[in-house]
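Undergrad: Got a structure for you, written out below as C-alpha coordinates; questions coming shortly.
The values are calculated or read from the model by the stated rules, or taken from the named source; none is laboratory data. Quick caveat, the model's predicted, so the values are computed rather than measured. All Cβ positions, even for glycine, are placed from backbone atoms using ideal geometry, and neighbour counts span all protein chains on display. Areas reflect the complete protein model, heavy atoms only, side chains present, ligands, DNA and RNA absent. Shrake-Rupley method; radii C 1.70, N 1.55, O 1.52, S 1.80 Å.
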Amino acid sequence: MAKVAFIGLGVMGYPMAGHLKAGGHEVTVYNRTKTKAGAWVEQHGGALAETPRQAVEGAEIAFSCVGNDDDLRGVVLGREGIFAGLSAGSIYIDNTTASATVARELYSVGKEQGIDVIDAPVSGGQAGAENGVLTVMCGGDEAPFAKAQPVIDCYAKAVTLMGPAGAGQLTKMVNQICIAGLVQGLAEGMNFGLKAGLDMEKVIDVIGKGAAQSWQMDNRASTMCKGEFEFGFAVDWMRKDMGICFDEAKNNGARLPVAALVDQFYAQVQNRGGNRWDTSSLMHLLMKD
Ligand SMILES: NC(=O)c1ccc[n+]([C@@H]2O[C@H](COP(=O)([O-])OP(=O)(O)OC[C@H]3O[C@@H](n4cnc5c(N)ncnc54)[C@H](OP(=O)(O)O)[C@@H]3O)[C@@H](O)[C@H]2O)c1
(Lines give C-alpha, C1' and ligand atoms only; values in the text may rest on other atoms or scores of the structure.)
Protein backbone atom coordinates (compact mmCIF):
# COMPACT_ATOMS: atom_id res chain seq x y z
CA MET A 1 0.00 0.00 0.00
CA ALA A 2 1.27 3.47 -0.85
CA LYS A 3 1.20 6.87 0.79
CA VAL A 4 -0.54 9.07 -1.78
CA ALA A 5 -1.95 12.58 -2.16
CA PHE A 6 -4.81 13.81 -4.34
CA ILE A 7 -5.17 17.45 -5.43
CA GLY A 8 -8.49 18.60 -6.93
CA LEU A 9 -11.70 17.02 -5.63
CA GLY A 10 -14.08 17.99 -8.41
CA VAL A 11 -16.66 15.87 -10.21
CA MET A 12 -13.85 13.50 -11.25
CA GLY A 13 -11.22 13.85 -8.53
CA TYR A 14 -13.56 13.35 -5.57
CA PRO A 15 -14.60 9.79 -6.50
CA MET A 16 -11.16 8.91 -7.91
CA ALA A 17 -9.52 9.80 -4.59
CA GLY A 18 -12.24 7.77 -2.87
CA HIS A 19 -11.28 4.68 -4.89
CA LEU A 20 -7.62 5.12 -3.88
CA LYS A 21 -8.68 5.15 -0.22
CA ALA A 22 -10.99 2.16 -0.72
CA GLY A 23 -8.04 0.38 -2.36
CA GLY A 24 -6.23 0.57 0.99
CA HIS A 25 -3.86 3.47 0.29
CA GLU A 26 -3.06 6.18 2.79
CA VAL A 27 -4.60 9.30 1.20
CA THR A 28 -4.11 13.01 1.95
CA VAL A 29 -6.32 15.41 -0.02
CA TYR A 30 -6.22 19.09 -0.94
CA ASN A 31 -8.96 21.10 -2.62
CA ARG A 32 -9.01 24.85 -3.29
CA THR A 33 -12.53 25.08 -1.86
CA LYS A 34 -11.83 23.57 1.53
CA THR A 35 -15.41 22.48 2.29
CA LYS A 36 -15.16 19.82 -0.45
CA ALA A 37 -11.98 18.41 1.09
CA GLY A 38 -13.69 18.43 4.50
CA ALA A 39 -16.65 16.50 3.09
CA TRP A 40 -14.29 14.00 1.44
CA VAL A 41 -12.40 13.32 4.68
CA GLU A 42 -15.68 12.96 6.56
CA GLN A 43 -16.86 10.40 4.01
CA HIS A 44 -13.65 8.45 3.43
CA GLY A 45 -11.26 9.13 6.32
CA GLY A 46 -7.70 10.09 5.35
CA ALA A 47 -6.12 13.48 5.96
CA LEU A 48 -6.77 17.04 4.80
CA ALA A 49 -4.01 19.49 3.85
CA GLU A 50 -4.03 23.29 3.61
CA THR A 51 -1.89 23.52 0.44
CA PRO A 52 -0.83 21.22 -2.41
CA ARG A 53 2.74 21.29 -1.02
CA GLN A 54 1.57 20.14 2.40
CA ALA A 55 -0.64 17.42 0.87
CA VAL A 56 2.21 15.76 -1.04
CA GLU A 57 4.94 15.94 1.64
CA GLY A 58 6.12 12.37 2.26
CA ALA A 59 3.90 10.95 -0.52
CA GLU A 60 5.23 8.24 -2.83
CA ILE A 61 2.69 9.14 -5.47
CA ALA A 62 0.83 12.44 -5.93
CA PHE A 63 -2.26 12.77 -8.14
CA SER A 64 -4.01 15.84 -9.48
CA CYS A 65 -7.22 16.45 -11.44
CA VAL A 66 -7.89 20.16 -11.98
CA GLY A 67 -9.36 22.17 -14.88
CA ASN A 68 -6.91 23.40 -17.50
CA ASP A 69 -3.24 24.24 -18.20
CA ASP A 70 -3.26 27.39 -16.04
CA ASP A 71 -4.91 25.62 -13.10
CA LEU A 72 -2.36 22.87 -13.43
CA ARG A 73 0.63 25.23 -13.36
CA GLY A 74 -1.05 26.89 -10.37
CA VAL A 75 -1.18 23.72 -8.27
CA VAL A 76 2.18 22.26 -9.36
CA LEU A 77 4.63 25.16 -9.53
CA GLY A 78 5.41 27.86 -6.97
CA ARG A 79 6.15 27.89 -3.25
CA GLU A 80 2.99 26.08 -2.19
CA GLY A 81 2.83 23.79 -5.23
CA ILE A 82 3.14 20.03 -5.62
CA PHE A 83 6.78 20.16 -6.77
CA ALA A 84 7.73 22.16 -3.66
CA GLY A 85 6.56 19.29 -1.46
CA LEU A 86 7.48 16.12 -3.35
CA SER A 87 10.80 14.38 -2.67
CA ALA A 88 13.20 12.98 -5.27
CA GLY A 89 12.16 9.43 -6.20
CA SER A 90 8.44 10.15 -5.99
CA ILE A 91 5.93 9.97 -8.85
CA TYR A 92 3.48 12.67 -9.92
CA ILE A 93 0.44 11.64 -11.98
CA ASP A 94 -1.78 14.29 -13.54
CA ASN A 95 -5.31 13.27 -14.56
CA THR A 96 -6.33 16.71 -15.88
CA THR A 97 -7.17 17.00 -19.59
CA ALA A 98 -4.52 19.54 -20.61
CA SER A 99 -2.13 20.30 -23.47
CA ALA A 100 0.78 18.06 -24.44
CA THR A 101 2.91 21.22 -24.08
CA VAL A 102 2.22 21.61 -20.35
CA ALA A 103 2.67 17.84 -19.88
CA ARG A 104 6.17 18.00 -21.40
CA GLU A 105 6.98 21.18 -19.44
CA LEU A 106 6.05 19.59 -16.11
CA TYR A 107 7.89 16.38 -17.05
CA SER A 108 11.11 18.40 -17.60
CA VAL A 109 10.77 20.46 -14.42
CA GLY A 110 10.02 17.28 -12.45
CA LYS A 111 13.06 15.48 -13.91
CA GLU A 112 15.36 18.25 -12.65
CA GLN A 113 14.11 17.48 -9.13
CA GLY A 114 14.22 13.68 -9.53
CA ILE A 115 10.40 13.46 -9.71
CA ASP A 116 8.86 11.17 -12.35
CA VAL A 117 5.92 12.84 -14.07
CA ILE A 118 3.15 10.99 -15.92
CA ASP A 119 0.40 12.75 -17.86
CA ALA A 120 -2.66 10.54 -17.40
CA PRO A 121 -5.91 12.05 -18.73
CA VAL A 122 -9.00 9.90 -18.37
CA SER A 123 -12.09 8.96 -20.33
CA GLY A 124 -15.35 7.51 -19.02
CA GLY A 125 -17.03 10.55 -17.48
CA GLN A 126 -18.49 11.14 -14.06
CA ALA A 127 -20.05 7.66 -13.98
CA GLY A 128 -16.70 6.08 -14.91
CA ALA A 129 -15.03 7.97 -12.06
CA GLU A 130 -17.76 7.06 -9.55
CA ASN A 131 -17.67 3.38 -10.53
CA GLY A 132 -13.85 3.27 -10.70
CA VAL A 133 -13.84 2.14 -14.33
CA LEU A 134 -12.04 4.98 -16.13
CA THR A 135 -9.82 4.51 -19.16
CA VAL A 136 -6.44 6.10 -18.45
CA MET A 137 -4.00 7.07 -21.23
CA CYS A 138 -0.50 7.78 -19.97
CA GLY A 139 2.64 9.53 -21.18
CA GLY A 140 5.99 9.21 -19.43
CA ASP A 141 8.73 6.71 -18.57
CA GLU A 142 8.25 2.96 -18.28
CA ALA A 143 9.71 2.31 -14.80
CA PRO A 144 7.54 4.80 -12.87
CA PHE A 145 4.54 3.79 -14.98
CA ALA A 146 5.02 0.14 -13.97
CA LYS A 147 5.23 1.20 -10.31
CA ALA A 148 2.16 3.45 -10.49
CA GLN A 149 -0.10 1.26 -12.62
CA PRO A 150 -1.40 -0.97 -9.79
CA VAL A 151 -2.31 2.18 -7.82
CA ILE A 152 -4.04 3.84 -10.82
CA ASP A 153 -5.95 0.55 -11.25
CA CYS A 154 -8.00 1.53 -8.17
CA TYR A 155 -10.06 3.93 -10.33
CA ALA A 156 -9.57 2.40 -13.78
CA LYS A 157 -10.58 -0.50 -15.98
CA ALA A 158 -7.79 0.17 -18.52
CA VAL A 159 -4.43 1.90 -17.98
CA THR A 160 -2.03 2.16 -20.92
CA LEU A 161 1.37 3.78 -21.40
CA MET A 162 1.10 5.44 -24.83
CA GLY A 163 4.66 6.79 -25.16
CA PRO A 164 6.82 9.60 -23.78
CA ALA A 165 5.61 12.69 -21.88
CA GLY A 166 2.61 14.25 -23.65
CA ALA A 167 1.53 11.00 -25.35
CA GLY A 168 -1.34 10.55 -22.87
CA GLN A 169 -2.68 14.02 -23.65
CA LEU A 170 -2.29 13.46 -27.41
CA THR A 171 -4.31 10.24 -27.10
CA LYS A 172 -7.02 12.07 -25.16
CA MET A 173 -7.15 14.62 -28.02
CA VAL A 174 -7.86 11.79 -30.47
CA ASN A 175 -10.61 10.64 -28.10
CA GLN A 176 -12.24 14.10 -28.01
CA ILE A 177 -11.98 14.58 -31.79
CA CYS A 178 -13.72 11.22 -32.32
CA ILE A 179 -16.47 12.17 -29.86
CA ALA A 180 -17.21 15.64 -31.31
CA GLY A 181 -18.44 14.51 -34.73
CA LEU A 182 -20.10 11.43 -33.31
CA VAL A 183 -22.27 13.36 -30.85
CA GLN A 184 -23.47 15.71 -33.61
CA GLY A 185 -24.33 12.71 -35.82
CA LEU A 186 -26.20 11.09 -32.93
CA ALA A 187 -28.11 14.31 -32.22
CA GLU A 188 -29.13 14.62 -35.88
CA GLY A 189 -30.29 10.99 -35.96
CA MET A 190 -32.31 11.31 -32.75
CA ASN A 191 -33.91 14.58 -33.85
CA PHE A 192 -34.79 13.08 -37.25
CA GLY A 193 -36.43 10.10 -35.55
CA LEU A 194 -38.48 12.33 -33.26
CA LYS A 195 -39.65 14.44 -36.20
CA ALA A 196 -40.58 11.24 -38.05
CA GLY A 197 -42.81 10.27 -35.13
CA LEU A 198 -40.91 7.09 -34.26
CA ASP A 199 -40.84 5.47 -30.81
CA MET A 200 -37.27 6.51 -30.02
CA GLU A 201 -36.75 4.02 -27.16
CA LYS A 202 -37.48 1.24 -29.67
CA VAL A 203 -35.23 2.89 -32.27
CA ILE A 204 -32.34 3.18 -29.79
CA ASP A 205 -32.87 -0.41 -28.68
CA VAL A 206 -32.76 -1.84 -32.19
CA ILE A 207 -30.06 0.30 -33.83
CA GLY A 208 -28.01 0.15 -30.62
CA LYS A 209 -27.49 -3.53 -31.45
CA GLY A 210 -26.21 -2.70 -34.95
CA ALA A 211 -23.48 -0.69 -36.65
CA ALA A 212 -24.63 2.66 -35.18
CA GLN A 213 -23.92 1.50 -31.62
CA SER A 214 -21.57 3.70 -29.58
CA TRP A 215 -20.87 4.68 -25.96
CA GLN A 216 -22.70 7.91 -26.71
CA MET A 217 -25.73 6.03 -28.03
CA ASP A 218 -25.77 3.63 -25.06
CA ASN A 219 -25.39 6.40 -22.49
CA ARG A 220 -26.82 9.57 -24.04
CA ALA A 221 -29.37 8.90 -26.83
CA SER A 222 -32.28 8.36 -24.46
CA THR A 223 -31.68 11.52 -22.39
CA MET A 224 -31.08 13.50 -25.61
CA CYS A 225 -34.58 12.55 -26.80
CA LYS A 226 -36.01 13.71 -23.45
CA GLY A 227 -34.11 17.02 -23.65
CA GLU A 228 -32.21 16.29 -20.41
CA PHE A 229 -28.75 17.88 -20.27
CA GLU A 230 -28.16 18.90 -16.64
CA PHE A 231 -25.46 16.30 -15.93
CA GLY A 232 -22.33 14.73 -17.39
CA PHE A 233 -19.37 16.21 -19.27
CA ALA A 234 -19.67 20.01 -19.39
CA VAL A 235 -19.72 21.92 -22.69
CA ASP A 236 -17.15 24.36 -21.21
CA TRP A 237 -14.75 21.44 -20.74
CA MET A 238 -15.37 20.19 -24.28
CA ARG A 239 -14.61 23.64 -25.73
CA LYS A 240 -11.41 23.75 -23.67
CA ASP A 241 -10.50 20.32 -25.07
CA MET A 242 -11.31 21.35 -28.66
CA GLY A 243 -9.06 24.41 -28.23
CA ILE A 244 -6.21 22.12 -27.13
CA CYS A 245 -6.81 19.91 -30.20
CA PHE A 246 -6.81 22.90 -32.59
CA ASP A 247 -3.54 24.22 -31.11
CA GLU A 248 -1.93 20.81 -31.51
CA ALA A 249 -3.29 20.46 -35.06
CA LYS A 250 -1.47 23.69 -35.95
CA ASN A 251 1.75 21.88 -34.99
CA ASN A 252 1.13 18.55 -36.71
CA GLY A 253 -0.83 19.74 -39.75
CA ALA A 254 -3.92 17.56 -39.14
CA ARG A 255 -7.16 18.89 -40.62
CA LEU A 256 -10.17 18.98 -38.28
CA PRO A 257 -13.08 20.31 -40.37
CA VAL A 258 -15.91 18.52 -38.54
CA ALA A 259 -14.45 19.15 -35.08
CA ALA A 260 -14.17 22.86 -35.95
CA LEU A 261 -17.83 22.97 -37.02
CA VAL A 262 -19.02 21.13 -33.91
CA ASP A 263 -16.95 23.51 -31.77
CA GLN A 264 -19.00 26.38 -33.22
CA PHE A 265 -22.19 24.52 -32.29
CA TYR A 266 -20.88 24.17 -28.74
CA ALA A 267 -20.26 27.94 -28.69
CA GLN A 268 -23.96 28.36 -29.55
CA VAL A 269 -24.90 26.05 -26.67
CA GLN A 270 -22.80 28.27 -24.36
CA ASN A 271 -24.69 31.33 -25.68
CA ARG A 272 -27.90 29.61 -24.55
CA GLY A 273 -26.49 29.32 -21.04
CA GLY A 274 -25.52 25.67 -21.44
CA ASN A 275 -21.95 25.99 -20.15
CA ARG A 276 -22.37 23.16 -17.63
CA TRP A 277 -24.75 21.09 -19.75
CA ASP A 278 -23.58 17.70 -20.95
CA THR A 279 -21.98 17.56 -24.42
CA SER A 280 -25.09 15.76 -25.72
CA SER A 281 -26.79 19.20 -25.55
CA LEU A 282 -25.92 19.66 -29.24
CA MET A 283 -29.41 18.19 -29.47
CA HIS A 284 -30.80 21.38 -27.89
CA LEU A 285 -29.80 23.37 -30.99
CA LEU A 286 -31.77 21.00 -33.22
CA MET A 287 -34.83 20.66 -30.96
CA LYS A 288 -35.18 24.33 -30.07
CA ASP A 289 -34.12 26.79 -32.78
N1 LIG B 1 -16.39 15.66 -15.84
C2 LIG B 1 -16.11 14.74 -16.77
O3 LIG B 1 -16.99 13.98 -17.22
C4 LIG B 1 -14.68 14.58 -17.27
C5 LIG B 1 -14.35 13.47 -18.03
C6 LIG B 1 -13.05 13.30 -18.49
C7 LIG B 1 -12.10 14.28 -18.21
N8 LIG B 1 -12.45 15.38 -17.48
C9 LIG B 1 -11.40 16.38 -17.19
O10 LIG B 1 -11.03 16.25 -15.83
C11 LIG B 1 -10.67 17.55 -15.32
C12 LIG B 1 -11.54 17.86 -14.11
O13 LIG B 1 -12.90 17.83 -14.49
P14 LIG B 1 -14.09 17.88 -13.41
O15 LIG B 1 -15.33 17.58 -14.15
O16 LIG B 1 -13.72 17.10 -12.20
O17 LIG B 1 -14.06 19.45 -13.06
P18 LIG B 1 -14.63 20.23 -11.80
O19 LIG B 1 -15.74 19.46 -11.16
O20 LIG B 1 -14.87 21.62 -12.21
O21 LIG B 1 -13.41 20.18 -10.77
C22 LIG B 1 -12.21 20.90 -11.00
C23 LIG B 1 -11.34 20.74 -9.78
O24 LIG B 1 -10.13 21.47 -9.98
C25 LIG B 1 -9.95 22.43 -8.95
N26 LIG B 1 -9.32 23.63 -9.50
C27 LIG B 1 -9.63 24.25 -10.66
N28 LIG B 1 -8.82 25.30 -10.86
C29 LIG B 1 -7.97 25.33 -9.79
C30 LIG B 1 -6.90 26.19 -9.43
N31 LIG B 1 -6.54 27.21 -10.22
N32 LIG B 1 -6.27 25.93 -8.27
C33 LIG B 1 -6.64 24.89 -7.49
N34 LIG B 1 -7.64 24.05 -7.79
C35 LIG B 1 -8.29 24.27 -8.93
C36 LIG B 1 -11.35 22.71 -8.45
O37 LIG B 1 -11.34 23.27 -7.16
P38 LIG B 1 -12.65 24.00 -6.56
O39 LIG B 1 -13.47 22.91 -5.94
O40 LIG B 1 -12.10 24.95 -5.56
O41 LIG B 1 -13.33 24.69 -7.71
C42 LIG B 1 -11.96 21.30 -8.50
O43 LIG B 1 -11.52 20.52 -7.43
C44 LIG B 1 -10.83 18.54 -16.48
O45 LIG B 1 -9.60 18.73 -17.11
C46 LIG B 1 -11.83 17.83 -17.40
O47 LIG B 1 -11.67 18.24 -18.75
C48 LIG B 1 -13.71 15.54 -16.99
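Undergrad: Mind checking which helices (runs of 4 or more DSSP H) fall wholly inside region 203-289 and carry at least 1 residues that are small (Gly, Ala, Ser)? Full working, then the answer.
TA: On the way: elements: 215-226, 235-252, 257-271, 282-287.
Filter on region 203-289 gives 215-226, 235-252, 257-271.
Undergrad: Separate question: Just for region 15-49: of the residues that are more than 28 Å from GLY89 (Cβ to Cβ) and under 20 Å from the mean Cα position of the chain (by Cα), which one is nearest to the ligand (Cβ to nearest atom)?
TA: If we take residues in region 15-49 being more than 28 Å from GLY89 (Cβ to Cβ) and under 20 Å from the mean Cα position of the chain (by Cα), then THR33 is nearest to the ligand (Cβ to nearest atom).
Undergrad: Further, regarding this structure: Could you name every one of the strands (runs of 3 or more DSSP E) located completely within region 1-97 that has at least 3 residues being aliphatic (A, V, I, L, M)? Spell out the reasoning first.
TA: Working: elements: 3-7, 26-30, 61-64, 91-94.
Of the strands (runs of 3 or more DSSP E) lying wholly inside region 1-97, those with at least 3 residues that are aliphatic (A, V, I, L, M) span 3-7.
Undergrad: Let me ask another. Since GLY181 meets every condition but one in (1) without any contact (Cβ under 8 Å) to a residue 60 or more places away in the chain; (2) touching a helix residue (DSSP H, G or I) at 6+ places or on another chain (Cβ under 6 Å); (3) among the small types (Gly, Ala, Ser), which condition does it not meet?
TA: (1)
Undergrad: If you go through region 117-131, how many residues are open to solvent by 10 Å² or more (accessible area, probe 1.4 Å), in a loop (DSSP other than H, G, I, E, B) and either more than 8 Å from the ligand (Cβ to nearest atom) or not small (Gly, Ala, Ser) (or both)?
TA: 1
Undergrad: Okay, moving on. Can you tell me which residue among LEU86, LEU77, LEU9 is within 16 Å of the ligand (Cβ to nearest atom), open to solvent by 10 Å² or more (accessible area, probe 1.4 Å) and over 17 Å from MET137 (Cα atoms)?
TA: Just one listed residue meets the conditions, LEU77.
Undergrad: Next up: So how many residues does region 149-172 have that are closer than 18 Å to ILE61 by Cα and either over 18 Å from the mean Cα position of the chain (by Cα) or among the basic types (Lys, Arg) (or both)?
TA: 1
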